[in-house]
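The values are calculated or read from the model by the stated rules, or taken from the named source; none is laboratory data. Please read all numbers here as calculations on a predicted model, not as lab measurements. Here Cβ is always computed from backbone atoms with ideal geometry, including for glycine, and neighbour counts include all displayed protein chains.
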Amino acid sequence: MARYTGPVCRLCRREGEKLYLKAERCFGKSCPVDKHVTAPGEHGQFRRKLSEYGIQLREKQKVRRIYGVMEAQFRRYFSRAARRPGVTGEALLQLLETRLDNVVFRLGFAGSRRQARQLATHGHFLVNGRRVDVPSLGLKVGDVVALRPASRGLAPFKEAAERGKKQGVPGWLEVDWPNFQGRVLRLPSREEIDVPVQEHLVVELYSR
């Protein structure tokens, strides 16, 4: 299955809630989720009651869309999470949160995960001093993500600096704005992962 390249606001409308895929637009008055209470498409106004399987499937799709992960990738993440000790759902979210593109977004270097993925793909970031262009790269505790010196004058990062200094970062990360770099201090706890998902439904879906 190819990556979705259509209007991301349709994804939010399909799930019936904001997934915050468009940065500032999600907080403004022009957000389509606020304007349209129905799902997209010709038959969007006819919502049927979901079965137990349908509820679990929608929750899995919601997680995938928030983090921009394709189906095969998501299955691999779940398999890795299932092999880890502890709660499988929390381990799954920790794996997704420590992706390079998500860490770039959480540090404030990008306005959305979608933008962070694009910037990472273009090779704007260094991980532990080495240039990388793989947005799905999994980071470990102690890893340092830094913006390349040649990229610091670009408009997106000037805007990010202004925005990021006001927003702050989660407690499992630290950011050094003068040097445009951040560090992974520890794995995030479930309370620090502010995504509107019920991960136990995803675990139930894959446990069928």
(message) farther than 15 Å from PHE105 by Cα and surrounded by fewer than 15 Cβ atoms within 10 Å (Cβ to Cβ): is that true of GLU174 in this structure?
(response) no
(message) Suppose we filter GLY129, GLY123, GLY142 for residues that are surrounded by fewer than 17 Cβ atoms within 10 Å (Cβ to Cβ), touching a residue at least 40 places away in the same chain (Cβ under 8 Å) and at positive phi; which single one remains?
(response) GLY142
(request) Can you work out which of the residues in the range 101-120 that are charged (D, E, K, R) and over 18 Å from LEU173 (Cα atoms) is surrounded by the fewest Cβ atoms within 10 Å (Cβ to Cβ)? (result) ARG114
(request) Find the helices (runs of 4 or more DSSP H) located wholly in the range 100-208 whose residues include 1 or more that are farther than 23 Å from VAL69 by Cα, and list them. (result) 155-167
(request) Take the range 70-98 and flag every residue that is touching a helix residue (DSSP H, G or I) at 6+ places or on another chain (Cβ under 7 Å) and not in a helix (DSSP H, G or I). (result) ARG84
(message) Given the criterion among the small types (Gly, Ala, Ser) and modelled with pLDDT of 95 or more, identify the matching residue among GLY111, GLY129.
(response) GLY129
(message) Restricting to the range 150-182, and then to whatever is among the basic types (Lys, Arg) and over 23 Å from ASP194 (Cβ atoms), can you tell me which residue is modelled with the lowest pLDDT?
(response) LYS158
(message) So GLU71 ticks every box in (1) surrounded by fewer than 18 Cβ atoms within 10 Å (Cβ to Cβ); (2) within 30 Å of PRO149 (Cα to Cα) but one. Which box is left unticked?
(response) (2)
(request) Can you tell me which residue within the range 55-68, out of those that are crowded, with 19+ Cβ neighbours inside 10 Å and β-branched (Val, Ile, Thr), is nearest to VAL203 (Cα to Cα)? (result) VAL63
(request) Evaluate the following for PHE105: is it of a type in the set (Phe, Trp, Tyr) and in contact with a strand residue (DSSP E or B) (Cβ under 6 Å, 6 or more places away or on another chain)? (result) no
